[in-house]
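Enquirer: After the structure tokens below, expect a handful of questions from me.
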Amino acid sequence: MDVTIKNIRKEFGQFPALHDISLSIRSGELIALLGPSGSGKTTLLRLIAGLEQPTAGQIFFGEEDASEKTVQERHIGFVFQHYALFRHMTVADNIAFGLKVRPKATRPPAGEIRKRVADLLDMVHLTGLEKRYPAQLSGGQRQRVALARAMAIEPTVLLLDEPFGALDAKVRKELRRWLKEFHDRTGHTTFFVTHDQEEALELADRVVVMSQGKVEQVGSADDVYDTPNSPFVFSFIGESSHIPVTVRDNTVLFQGEPINISEQGTDGAGELFFRPQDVAISDDKTSLYGKVTACRRLAGTRIAEIDIANEGHEPYHLEVEVPLDAPVAVGAEIRFRPTRWKLFRK
Ligand code: ATP
């Protein structure tokens with residue numbers, strides 16, 4: 001089902017939680033809503049579900065305006081971080097719940113419900129556990145039951161609000177891969193809320209990056225990581241450092257000195273952003289230089305933390321990836337040069 005969000009605004013009292021959000025989602029897309037706490041992700045999800053009403057704007061499911069539709073009529077599958085499975089019901093009864101409570105006219109016959117539950121158990125890899133109660137399952141298994149339960153009603157759209165947020169890192173990673181496969185098989189239009197950028201990049205067909213109630217950028221993982229369109233997106237997705245610069249005659253200057261980077265366009269001030277891995281250690285006299293304050297070993301590489309003096313102010317603090325065999329020690333002064341960067345003009 002296509003979902004179109006048109007100029008949605010949501011105020012809680014005087015507080016604008018969402019400003020003028022517009023998105024066109026194609027049927028079958030897996031969309032990550034990514035942003036820091038308070039950016040409006042859950043509010044947007046609740047509006048799609050019909051649990052909140054917008055202050056202005058419209059949401060369409062396919063061609064149909066959902067404004068007049070109740071939560072039930074929207075026919076949506078939900079999974080929340082702390083999804084309350086019914087504790088007194090078995091796994092099978094939990095999954096069947098949404099079908100069993102339907103009015104008689106639309107309720108499938110008992111045999112069909114059993115079959116659908118069996119298929120869903122298979123789909124979420126929980127066959128054999130149908131008679132267990134939620135307390136007898138791991139956190140990851142419970143969330144898979146929650147997903148099967150959401151899928152049982154054959155939802156038009158699936159809404160997942162930090163579904164793995166309460167699970168430990170390893171289980172979370174496994175479930176992420178599993179969810180991706182599950183989505184590829186079932187093909188439901190899915191909105192997935194997360195504040196974990198790795199999760200968003202790995203899972204989503206497109207990532208909607210949100211900040212302070214606004215959409216900052218919408219794009220594939222490659223788009224938002226490789227070509228971020230704002231300082232916020234650059235620093236929120238992946239590691240980054242930035243320094244204030246000026247452009248004069250197509251040359252970038254830092255603290256009044258050229259740093260071997262050219263940039264076309266008008267003269268003026270800006271902020272130069274780059275990632276730790278996009279930096280080369282270099283003896284070039286026009287490079288940036290600073291003092292190594294700490295070194296961190298990662299699996300295949302090393303990160304040097306560098307302070308660049310800033311007269312009369314706190315030093316600029318940057319992170320630079322260095323090869324394992326590079327002679328970089330705490331206290332040493334090193335010169336380096338961004339090999340890829342983005343300059344945001346002021
Ligand atoms: P988190 O990752 O912490 O869940 P979020 O991005 O999902 O954050 P929302 O829960 O959508 O953010 O909240 C967006 C803003 O709207 C926040 O500032 C929040 O305090 C406010 N807000 C949300 N619900 C209400 C409400 N019912 N009444 C008043 N303000 C609210």
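Enquirer: Need the C-alpha centroid separation for the range 1-56 versus the range 119-142, integer Å.
Expert: 31
Enquirer: Sticking with this structure for a sec: What's the FRET efficiency of M89 with S282 using the Cβ-Cβ distance as r and R₀ = 51 Å, to the nearest 0.05?
Expert: Once the sixth-power term is evaluated, E becomes 0.20.
Enquirer: If you don't mind, there's one more thing I want to ask. By the scheme Lys and Arg +1, Asp and Glu -1, what is the net charge of all other residues having a beta-carbon under 10 Å from that of Q81?
Expert: Residues near Q81 contribute -2 overall.
Enquirer: So how many Å³ per residue does the convex hull of the Cα atoms of the range 40-164 work out to?
Expert: Normalising the Cα hull of the range 40-164 by residue number yields 117 Å³.
Enquirer: Among S138, G270, S287, which residue has its Cα furthest toward the positive end of the charge dipole of the chain, with +1 on Lys/Arg Cβ and -1 on Asp/Glu Cβ?
Expert: Toward the positive end, the furthest listed residue is S138.
Enquirer: Mind checking the full-extension length gain between E112 and N229? Use 0.36 nm per residue of separation minus the Cα-Cα distance, one decimal, nm.
Expert: Contour length minus Cα-Cα distance gives 37.1 nm.
Enquirer: Enumerate the calculated ³J(HN,Hα) couplings along the range 281-296 in order (Karplus 6.51 cos²θ - 1.76 cosθ + 1.60, θ = phi - 60°), each rounded to whole Hz, writing x wherever the residue is Gly or Pro.
Expert: Result, rounded to whole Hz: 6, 8, 8, 3, 5, 8, 6, 6, 9, x, 9, 6, 9, 6, 10, 10.
Enquirer: I need the phi-derived Karplus couplings for the range 200-206: 6.51 cos²θ - 1.76 cosθ + 1.60, θ = phi - 60°, integer Hz, Gly and Pro marked x.
Expert: Karplus-based 3J(HN,Hα) across the range 200-206 equals 5, 5, 6, 8, 7, 5, 9 Hz.
Enquirer: Continuing with the same structure: Restricting to Cα atoms and excluding each atom paired with itself, what does the Kirkwood estimate give for the range 3-51 in Å?
Expert: That comes to 11.7 Å for the range 3-51.
Enquirer: What do you get for the angle between helix 169-186 and the principal long axis of the chain? Use alpha-carbon atoms, 0 to 90 degrees, nearest ten.
Expert: Helix 169-186 sits roughly 60 degrees off the main axis of the chain.
Enquirer: I've got another one for you. In the chain, what is the volume of the convex hull around the alpha carbon atoms, normalised per residue and reported in Å³?
Expert: In the chain, the Cα hull volume divided by residue count equals 179 Å³.
Enquirer: Here's another thing I want to ask about it. Would you please state the base-10 log of I(q)/I(0) at q = 0.09 1/Å for the range 100-248, with intensities from the Debye formula using one equal scatterer on every alpha carbon?
Expert: With one equal scatterer per Cα and no solvent, log10 I(q)/I(0) is -0.40.
Enquirer: Fully extended, how many nm does the chain gain between H317 and A332 (0.36 nm per residue separation, minus their Cα-Cα distance)?
Expert: Full-extension gain reported as 3.9 nm.
Enquirer: Follow-up. Could you tell me what percent of the DSSP beta bridges with both partners in the chain are antiparallel, to the nearest 5?
Expert: 75
Enquirer: Moving on. If each residue of separation counts as 0.36 nm, what is the full-extension length gain between V171 and K6 once their alpha-carbon separation is subtracted?
Expert: Length difference between fully extended and current span is 55.8 nm.
Enquirer: What net charge is computed for the residues neighbouring V292, neighbours being all others with C-beta under 12 Å from the C-beta of V292, Lys and Arg scored +1, Asp and Glu -1?
Expert: That works out to 0.
Enquirer: Might you report the magnitude of the Cβ-based charge dipole of the chain about its Cα centre, with Lys and Arg at +1 and Asp and Glu at -1, to the nearest 20 debye?
Expert: Roughly 1660 debye for the chain.
Enquirer: Could you give the nm distance between label points at K131 and A56, where each point is 7 Å from its Cα heading toward the beta carbon?
Expert: Modelled inter-label distance: 5.9 nm.
Enquirer: Local charge sum around P338 (other residues, Cβ-Cβ under 15 Å, Lys/Arg +1, Asp/Glu -1)?
Expert: Once positives and negatives cancel, what remains is -4.
Enquirer: Would you pull out the residues with amide H under 5 Å of L288's amide H, same chain only if 5 or more places away, H placed 1.01 Å from N?
Expert: Under 5 Å from the amide H of L288: F336.
Here, each number is a calculation from the coordinates, and none is a lab measurement. Remember, it's a predicted structure, so these values are computed and weren't measured experimentally. Neighbour counts are summed over all protein chains in view; Cβ atoms, including those assigned to glycine, are modelled from backbone coordinates with ideal geometry.
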